Amino acid sequence: MPPPPNLCFPFLFLLLTATISTKVQALGVSWGTTASHPLPPRKVVELLKSNNITKVRLFDSDPLVLEALSGSNIGVTVGIPNSMLKTLNSSKKAAESWVHDNVTRFFSTARTGARIENVAVGDEPFHQMYGEQFHSVVIGAVINVQSALAKASLGSEIKVVVPLSSDSIQSESGLPSKAHFRPDLNKTMLELLTFLDKHHSPFFVTISPFLSFLQDKNVSLDFALFKETARPRNDTHSRTYRNSFDLTHDNAVAALSAAGFPGMPIVVARVGWPTDGAANASSQTAEIFMKALMQRLHAKSGTALRPQNPPSEIFIFSLFDENQRSIASGGFERHWGVFTFDGQAKYRIDFGQGSSKDLVNAQEVDYLPSKWCVVDNNKDVSNASARVLDACSAADCSALSPGGSCSNLSWPGNASYAFNNYYQQHDQARDSCDFGGLGLITTVDPSIGSCRFWIELDTSEAGSHSRVCLFWLLILLITVLV
């Protein structure tokens with residue numbers, strides 16, 4: 001009679017597997033599409049899966065993106081833009097229509113559909129830059145979307161959340177002991193928190209050590225980057241903060257407690273570090289920040305106010321650079337990506353694939369031809385400034401910002417950068433390199449050092465099928481020769 005099977009090792013293996021997957025489960029990325037030439041959605045989903053990214057936050061509900069995510073088993077947070085809040089607040093029928101078109105159509109608990117977990121109503125609608133524009137419409141929109149989900153029998157499957165900016169919270173001392181929600185938000189915030197608590201939904205909030213460093217003279221670069229050399233900040237009750245992330249997180253915890261919701265779970269709706277467009281925005285600095293953040297996430301490190309209860313989820317901002325994001329806050333806003341616009345990793349980071357393994361880049365990316373637009377040095381360029389301003393008003397010149405990767409370019413190199421970016425964003429159309437006769441199309445790459453003169457992606461249908469056509473042409477040629 002054979003000995004009974006040893007169940008210890010299978011059990012230990014399952015326990016170990018569950019532990020490893022739990023570390024990665026709490027990590028997601030934000031997938032923004034505010035770009036002139038975005039990667040095709042199916043290629044992005046391949047990139048997510050190749051890098052073991054299990055959750056993604058969208059800022060809208062693009063059907064092509066949701067179709068690509070269907071069957072991937074990636075947890076999805078779909079977004080409703082602020083521009084729709086007024087309509088959804090005033091009309092239950094509009095909310096039902098939106099849920100049908102953007103959630104019910106794609107949702108499935110099976111592996112065939114999109115695994116939609118949250119609906120984010122608005123994107124930081126209480127940010128101070130909007131004033132009180134959305135204060136009166138957020139709660140109505142939230143309630144109507146929740147009702148529409150319930151009507152579609154999805155009320156218990158999908159959470160309704162509202163991502164908030166960190167400036168929704170104030171502290172006279174900059175420390176948690178004095179933290180509270182902005183006075184102008186008191187009534188609205190109480191209604192929102194009551195709703196979230198009733199439906200067991202988490203509190204979504206942005207934590208941005210980079211912006212804290214830019215805007216708060218008390219936040220040093222070392223403090224923002226989790227460095228041990230940072231000067232700690234001491235709060236009451238012997239609480240000490242050694243980095244900006246923990247301090248901002250506990251400001252949110254304290255504000256929730258002050259409002260009467262001390263145990264509400266927190267999701268970090270966005271956190272990251274830009275790589276261009278400003279001083280201290282570089283791939284090297286971003287790598288330092290992201291590696292430290294990942295170490296904390298994988299170690300499940302808590303904070304002074306929640307030592308055993310770290311954020312339930314963290315969404316890295318962002319997956320890609322987006323060359324059409326607003327730069328009202330600065331040129332860095334277009335450079336938050338862990339990957340460049342074409343899906344190439346900027347630095348090494350552990351998304352759960354093992355510390356010795358590099359990020360996997362997007363494969364088989366289609367680019368426009370190797371052509372650039374530069375200033376024709378044989379022409380009189382003394383009055384070209386107006387042309388450069390015209391180019392930058394319609395293109396992305398954020399790398400020319402002070403501290404940016406191309407800020408050291410001298411004249412007319414910086415003009416060439418502006419001309420080329422405009423030329424690429426207009427699919428290399430010949431007339432987009434005119435600039436009053438000052439532009440010249442070249443096949444010689446004008447990139448200098450870390451200043452890259454990019455070639456855009458070929459997003460045309462012809463470009464996406466070019467490799468397939470070449471493959472079959474090759475097969476046909478071999479057949480004829482044989």
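The values are calculated or read from the model by the stated rules, or taken from the named source; none is laboratory data. Predicted, not measured: the structure shown is a model, and the values here were computed from it. With ideal geometry, Cβ positions are generated from the backbone for all residues, glycine too; neighbour counts draw on all protein chains shown. Surface accessibility is based on the protein's heavy atoms, side chains included, excluding ligands, DNA and RNA. Shrake-Rupley method; radii C 1.70, N 1.55, O 1.52, S 1.80 Å.
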*Expressed as an acute angle from 0 to 90° and rounded to the nearest 10, what is the orientation of the C-alpha long axis of helix 41-50 relative to the principal long axis of the chain?*
60
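Show that you can apply the helix-only estimate: for the chain, add -39,500 (n - 2.57) for every DSSP H stretch of four or more residues, divide by all residues, and state [θ] at 222 nm to the nearest 500.
The helix-only estimate for the chain comes to -10000 deg cm²/dmol at 222 nm.
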*At 1.4 Å probe size, with no ligands or nucleic acids counted, give the accessible surface of ARG296 in Å², nearest ten.*
50
*What is the Cα centroid distance between region 148-162 and region 299-333, reported in whole angstrom?*
25
*Using modelled backbone amide H atoms (1.01 Å from N, in-plane), which distant-in-sequence or interchain residues come within less than 5 Å of VAL29's amide H?*
LYS55, VAL56, ARG57, ILE316
_Counting pairwise Cα distances across region 162-240, what percent come out greater than 16 angstrom?_
62
*asked:* Output the 0 to 90 degree angle, nearest 10, between the alpha-carbon long axis of helix 466-481 and the longest principal axis computed from the alpha carbons of the chain.
replied: 60
*Any chance you could look up the accessible area of LYS300 with a 1.4 Å probe, heavy atoms only, rounded to 10 Å²?*
100
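Full extension from SER50 to SER108: what is 0.36 nm times the residue separation minus their Cα-Cα distance, to one decimal in nm?
18.6 nm
Using C-alpha positions alone, give me the convex hull volume of region 351-402 per residue in cubic angstrom.
Each residue corresponds to 204 Å³ of Cα convex hull volume.
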_Distance histogram in 5 Å bins (all Cα pairs of region 96-138, percent per bin)_ = 5, 20, 19, 15, 13, 13, 9, 5, 1
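Restricting everything to alpha-carbon atoms, can you work out Rg to Rh for region 146-280 with a Kirkwood hydrodynamic radius?
1.03
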*Wrap a convex hull around the Cα atoms of region 290-416, take a quarter of its surface area, and give that in square nanometres.*
11.7
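D for region 148-192, whole µm²/s, Stokes-Einstein with Kirkwood Rh over alpha-carbon pairs at 25 °C and 0.890 mPa s: what number? Intermediate results must be reported in sequence, preceding the final value.
Numbers: Rh = 12.9 Å.
Roughly 191 µm²/s, to the nearest whole number.
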*In what sequence, highest mean first, do 323-336, 441-454 appear when ranked by Cβ atoms within 10 angstrom?*
323-336, 441-454
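What does the extension gain come out to for ALA152 and ALA279, with contour length at 0.36 nm per residue minus their alpha carbon separation? Please report the intermediate quantities before stating the final value.
On the way: separation 127, 0.36 × 127 = 45.72 nm, distance 4.88 nm.
Length gained between ALA152 and ALA279: 40.8 nm.
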*Peptides ranked, highest mean first, by Cβ atoms within 10 Å: ranges 164-173, 101-110*: 164-173, 101-110
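If MET264, MET129, MET84 are ordered by their accessible area, calculated over protein heavy atoms with a 1.4 Å probe, which sequence runs from highest to lowest? If you can, show how the numbers build up before the last one.
Details: MET264 10, MET129 125, MET84 60 Å².
Ranking MET264, MET129, MET84 by accessible area, largest first, yields MET129, MET84, MET264.
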*Please check which bits of region 363-383 a label hung off THR443 would reach, taking the label as a point 7 Å along Cα-to-C-beta and the cut-off as backbone N under 13 Å.*
369-372
*In a solvent-free Debye calculation with one equal scatterer on each Cα, what is log10 I(q)/I(0) for region 66-156 at q = 0.11, 0.15, 0.20 Å⁻¹, listed in the order of the q values?*
-0.32, -0.57, -0.90
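Taking each pair of distinct Cα atoms in the chain once, what is the resulting Kirkwood hydrodynamic radius in Å?
Numbers: mean 1/r = 0.0407 Å⁻¹.
About 24.6 Å, per the Kirkwood formula over Cα pairs.
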_I'd like to check one number: the per residue accessible area of region 66-154, probe 1.4 Å, reported in Å² as a whole number._
43
*How much net charge surrounds LYS379 when only other residues with a Cβ under 15 Å from its Cβ are counted (Lys, Arg +1; Asp, Glu -1)?*
-2
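Using a 1.4 angstrom probe, figure out how much accessible area region 199-322 has per residue, in square angstrom, rounded to the nearest whole. Working shown, then result.
Values: 4950 Å² over 124 residues.
It amounts to 40 Å² per residue over region 199-322.
Carbon and sulfur atoms: what percent of the 1.4 Å accessible area of the chain do they account for? It would help to have the intermediate numbers written out before the result.
Details: 12710 of 23110 Å².
That share works out to 55 percent.
For a protection proxy built on the mean count of beta-carbon atoms within 10 angstrom, sort 174-181, 190-197 highest first, please.
Details: 174-181: 20.2, 190-197: 17.6.
So the peptides 174-181, 190-197, ranked by packing, come out 174-181, 190-197.
Quote to one decimal, in nm, the extra length available between SER83 and ASN218 on full extension: 0.36 nm per residue of separation minus the C-alpha distance between them.
Values: separation 135, 0.36 × 135 = 48.60 nm, distance 3.50 nm.
So the extension gain works out to 45.1 nm.
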_Per residue accessible area in Å² of region 340-463, where ligands, DNA and RNA are left out and the probe is 1.4 Å_ = 50
*asked:* Between helix 244-258 and the chain, what is the angle of the helix's C-alpha long axis to the longest principal axis, kept within 0 to 90° and rounded to the nearest 10?
replied: 40
